[in-house]
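What follows is a short report on a single structure.
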Amino acid sequence: KISRQEVLKLYTASNGWFLREEDKLGTIETGKLADLAVLSDDYFTVPDESLKKIRSVMTVVAGNIVHNSGIL
């Protein structure tokens, strides 16, 4: 069984490697794109069945807000 931490790392930090853009994305560092999602619930503490109900309440791509549900 893969842990939530491992899944998150594969989907975020390791994604730069898969896309061959490690120098642009995957980790929070100066000079990298500011892509992030603010989630509706805590990914690490919700019950397994609630994971599929988590939604983005705000999404930022390259430093620009591209989705805002109005909650924030």
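Checking each residue in the stretch 30-65 for being assigned to a strand (DSSP E or B) and not hydroxyl-bearing (S, T, Y) picks out L36, A37, V38, L39, V57, M58, V60, V61, N64, I65. Taking the stated definitions as given, is T12 of a type in the set (V, I, T), open to solvent by 50 Å² or more (accessible area, probe 1.4 Å) and farther than 19 Å from N64 by Cβ? It is false that T12 is of a type in the set (V, I, T), open to solvent by 50 Å² or more (accessible area, probe 1.4 Å) and farther than 19 Å from N64 by Cβ. A Cβ distance below 9 Å, combined with a sequence gap of six or more or placement on separate chains, defines the contacts here; from the stretch 40-55, residues that are closer than 19 Å to H67 by Cα reach residues that are among the aromatic types (F, W, Y) in the pairs I54/Y43.
Of the residues making up the stretch 42-61, just one is in contact with a Ser or Thr (Cβ under 7 Å, 6 or more places away or on another chain) and closer than 18 Å to S3 by Cβ, namely I54.
All told, T27 meets the bar of being in contact with a helix residue (DSSP H, G or I) (Cβ under 9 Å, 6 or more places away or on another chain), of a type in the set (S, T, N, Q) and at pLDDT below 95.
Which one is least open to solvent (accessible area, probe 1.4 Å), of the residues in the stretch 15-26 that are part of a loop (DSSP other than H, G, I, E, B) and farther than 15 Å from A62 by Cβ? Filtering first and then ranking leaves E22. Sub-7 Å Cβ pairs linking a first residue in the stretch 1-26 that is over 18 Å from T45 (Cβ atoms) to a second residue that is in a loop (DSSP other than H, G, I, E, B) and of a type in the set (D, E), at least 6 apart or interchain, are G16/E22; L25/D35, ordered by first then second residue.
The values are calculated or read from the model by the stated rules, or taken from the named source; none is laboratory data. What you see is a predicted model; the values in this text were computed from it and never measured. A quick note on method: Cβ atoms are made from the backbone with ideal geometry, for glycine too, and the neighbour counts reach across all protein chains shown. We work out accessible area using only protein heavy atoms, side chains counted, and drop any ligands, DNA or RNA first. Shrake-Rupley method; radii C 1.70, N 1.55, O 1.52, S 1.80 Å.
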